[in-house]
1. Counting Lys and Arg as +1 and Asp and Glu as -1, what is the net charge of the other residues whose Cβ lies under 13 Å from the Cβ of residue B:219?
2. Name the residues whose placed amide hydrogens come within less than 5 Å of the amide hydrogen of residue A:133, ignoring near sequence neighbours (fewer than 5 apart) on the same chain.
3. Sum up the charges of everything whose Cβ sits under 12 Å from the Cβ of residue B:308, counting Lys and Arg as +1 and Asp and Glu as -1, but leave residue B:308 out.
4. Which order do peptides A:68-74, B:227-233, B:270-276, B:257-263 fall in by mean Cβ count within 10 Å, highest first?
5. How many Cβ atoms of partner chains, on average, are near each residue of A:41-52 if near means within 10 Å of its Cβ?
6. Placing unit charges on C-beta atoms (Lys and Arg positive, Asp and Glu negative, everything else neutral), compute the dipole magnitude of the range B:218-346 about its Cα centre in debye, rounded to 20.
7. Average projected area of the Cα convex hull of chain B, in nm²?
8. In a GNM of chain B with a 10 Å cut-off on Cα contacts, which of B:321, B:49, B:145 has the highest mean-square fluctuation?
Amino acid sequence: MKTLTKILLAGAVMAISLPGNLAAQRSGVEMWSQTCGNCHRIQPADRYTADQWVTILGQMSVQARLTDEEEASILAFLQSGAKKVAVAEPVRSEGTLVASTDPAFVPDVQPMDGEDVYAKQCVACHGKGGKGDGPAAAAFNPRPVDFTDADLMGSKADEELLEVLKNGRNGMPGFAAILSPEEIDAVLAYVRSLSAEEK
Amino acid sequence: MKRNVGARVTAVAVLALFTVFASARGLRAQGLLLTGYADFQADVTNIGSGNSDFFFDNHHFNLIGVGQLTENIFANAEIEYEHSGDEINLEYGYIGYTGIKNLKILAGKFIVPFGRFNKDLHPTWINKMVDRPHGFKNILPQTYSDVGLWVSGGAPVGMDGARITYDAFVVNGLMGPNGGDIRGFRGVDREKRAGGRDDNKAVGGRLGLELPPEGFDIGGSIYFGNYSDDPAEKLDLLLLGADAAFRKNGLEIRGEVVTAQQDTAEAGGHLTKTGGYVQAAYLVTRNFEPVIRFSGREMPGSAMDNSRVAFGFTFYPSAGSAVRLDYLINDGADNDGIAAIFSTSL
């Protein structure tokens with residue numbers, strides 16, 4: 001009994017004292033898919049408004065034992081696709097502005113290449129191979145687009161895909177507040193390459 | 001009469017809580033959000049016995065109020081309105097402080113964080129079967145909420161995406177008669193502990209490890225306290241639990257086991273009780289998920305042992321609602337059952 005109690009307390013102390021950046025930080029969409037999905041079917045971002053997500057995440061961070069960084073990351077993702085009835089306040093994480101509804105906002109982060117962006121922001125719904133079969137795909141109706149479908153992708157102009165990437169569609173959140181214009185261009189080029197590989 | 005008093009107390013408590021929410025708006029508050037879940041259930045029991053029962057139940061219509069009071073303070077309460085109003089209670093109602101890195105402090109009445117099913121998985125729109133795990137729920141009395149202090153948190157660790165999580169609590173504790181059924185120890189009137197025994201609190205917690213990219217989640221839990229309802233007696237109850245889950249590509253396998261060491265009044269006497277379940281579910285399509293569960297308990301004296309094999313499926317009309325149909329095969333003859341439910345989050 002005493003030994004078990006000590007183990008529990010040691011774990012708690014270790015968790016409290018660990019630096020938040022010890023392990024690679026997962027993106028908001030990864031955390032949303034994996035951590036929220038650990039208990040229940042993940043809820044689409046447009047089920048609630050940006051303000052409502054603040055309230056929900058404040059409480060769910062206890063249920064899921066989220067760190068401040070993890071909570072901010074999920075919140076930024078969910079707010080980017082939230083039901084559009086209110087303007088959310090910017091979200092801050094460790095003093096760094098990571099997301100905003102201000103269209104002029106540019107995140108203070110290093111740009112990633114297209115494959116990195118895809119791995120961080122798109123895999124959860126569109127799947128590793130881009131077939132629209134990610135673990136979070138079940139939350140969407142219609143299902144996420146299959147980027148390997150050459151006919152489908154060939155029918156879509158870059159302007160249309162950029163519009164979806166920036167502003168979202170059919171429950172998919174927009175990424176204009178999360179990704180820089182360079183990263184959006186890079187990920188567009190990457191998803192284009194997925195259908196090219198299938199030809 | 002007793003129920004009316006409980007309902008009044010609940011109503012006053014909730015009204016007070018909501019008044020606090022309302023008055024807090026403007027202090028960077030995000031205000032109050034009312035959510036919850038509701039269900040409609042149908043059960044057929046004792047199939048084949050010639051004396052089967054068929055009944056409907058509005059098992060839950062539970063409202064949850066969540067209020068973000070300031071950036072670091074929130075409150076959360078669930079009004080439990082069960083069995084068409086036969087049970088009205090405050091399942092939990094607590095205030096939380098989140099201003100310390102990787103540490104959340106909560107005070108009030110909360111669902112005790114022991115294992116996974118009790119705290120995280122019991123709501124009917126989340127639980128993958130109509131019923132709670134048979135037998136298991138008698139060893140770890142579920143849903144078990146109690147009044148006290150709770151600290152909780154998590155942190156990333158070395159491997160990519162890995163996290164450790166922790167919960168530790170001190171609560172008033174379970175209470176009941178010498179050697180009694182632990183499930184009956186929940187929600188006992190604390191005033192019965194008058195006579196100098198109220199300083200005997202129960203302690204415990206859970207330590208978990210999550211490996212999301214690999215789909216694993218494991219944890220160990222402990223609860224320890226004096227359960228005797230006789231102020232002159234000290235009878236310890238130790239619960240030890242382990243839980244594990246694997247989730248990948250639509251497949252979810254999870255299980256829990258809990259063992260109880262329960263002192264009895266006889267010199268050196270104690271009872272050992274064990275319960276557990278393992279279940280597997282597979283999301284075949286976006287809306288359709290078959291599930292199978294084995295559950296049961298071992299009690300002192302084999303006559304008290306029981307087990308159940310349950311299988312069925314869930315149809316998901318939306319991400320927050322579920323229609324489930326299960327067939328339950330119980331120990332013994334002519335006591336199988338069918339259970340169906342429509343459950344939705346609000």
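Nothing in this text is a laboratory measurement; each read-out follows from the coordinates by a stated rule. These numbers come from a predicted model, not from an experiment. Heads up, the Cβs are rebuilt from the backbone with ideal geometry, glycines too, and the neighbour counts pull from every protein chain shown.
1. Working: positive: A:65, B:116, B:119, B:163, B:206, B:254; negative: B:120, B:167, B:210, B:217, B:243, B:256.
Within the 13 Å Cβ shell, the charges total 0.
2. Amide H neighbours of residue A:133, under 5 Å, 5+ apart: A:127.
3. On the way: positive: B:132, B:137, B:293, B:297; negative: B:131, B:305, B:326, B:331, B:336.
Within the 12 Å Cβ shell, the charges total -1.
4. Working: A:68-74: 22.3, B:227-233: 16.3, B:270-276: 18.4, B:257-263: 20.4.
Order by mean packing, descending: A:68-74, B:257-263, B:270-276, B:227-233.
5. Numbers: counts 12, 1, 4, 3, 0, 0, 4, 2, 1, 1, 4, 6.
Rounded to a whole number, the mean comes out at 3.
6. Values: 10 positive and 16 negative charges, 174 e Å.
Once rounded to the nearest 20, the dipole reads 840 debye.
7. Details: hull surface 79.3 nm².
Convex hull of Cα atoms, orientation-averaged projection: 19.8 nm².
8. Among B:321, B:49, B:145, the largest GNM mean-square fluctuation belongs to B:49.
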